[in-house]
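Asker: Structure below; questions to follow.
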Amino acid sequence: MKTEENNFLKNFMDRLHEATAGTQRELTPEQLDKKIMNTVRVWWKKGNDGYQRFTDWGKSDPEFFANNFARAGVGMKEGWEFTKKTLTGYLDAESLEDGELLHDEYKKEYQRTPFDQEFRDKIVKYKK
């Protein structure tokens, strides 16, 4: 009797999964970028291993964001606006607004970092 119940439940769940799999909507490119940016912010706030290694190399927080956004294919301008918003209150507001030094650091890191499709896919599938 127990085996029949387990089989029934398994079959039911399999059919339910098949029925709902086709109805899950795909994220737009903008929604994917937002998910990527939010994931990188979580990594920064938690100070994960990748962030720690990056700062151990003498890199700044704006460079951390630029590196991850460039590797994941987030646009430079959108990434910088998100970075400014995220770092406001943590870094000197004037240097974020004027953008001179910090924006130059961000831009240089972004431009020297190549896109990595595998990295983008990893972030998109990342569960917080």
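The values are calculated or read from the model by the stated rules, or taken from the named source; none is laboratory data. All values reported here derive from a predicted model rather than from experimental measurement. Using ideal geometry, Cβ is built from the backbone for each residue, glycine included, and neighbour counts are taken over all protein chains shown.
Asker: Please name all residue pairs, on different chains or six or more residues apart, with Cβ atoms under 7 Å, provided the first residue is in region 5-30 and is closer than 28 Å to residue 74 by Cβ and the second residue is surrounded by fewer than 10 Cβ atoms within 10 Å (Cβ to Cβ) and at pLDDT below 70.
Answerer: Close Cβ pairs satisfying both conditions: none exist.
Asker: Mind counting the residues in region 39-67 that are touching a residue at least 40 places away in the same chain (Cβ under 8 Å) and among the charged types (D, E, K, R)?
Answerer: 3
Asker: Only residues that are exposed (fewer than 11 other Cβ atoms within 10 Å of the Cβ) and either in a loop (DSSP other than H, G, I, E, B) or at pLDDT below 90 (or both): list them for region 116-128, please.
Answerer: Listed by number, the residues that qualify are 125, 127, 128.
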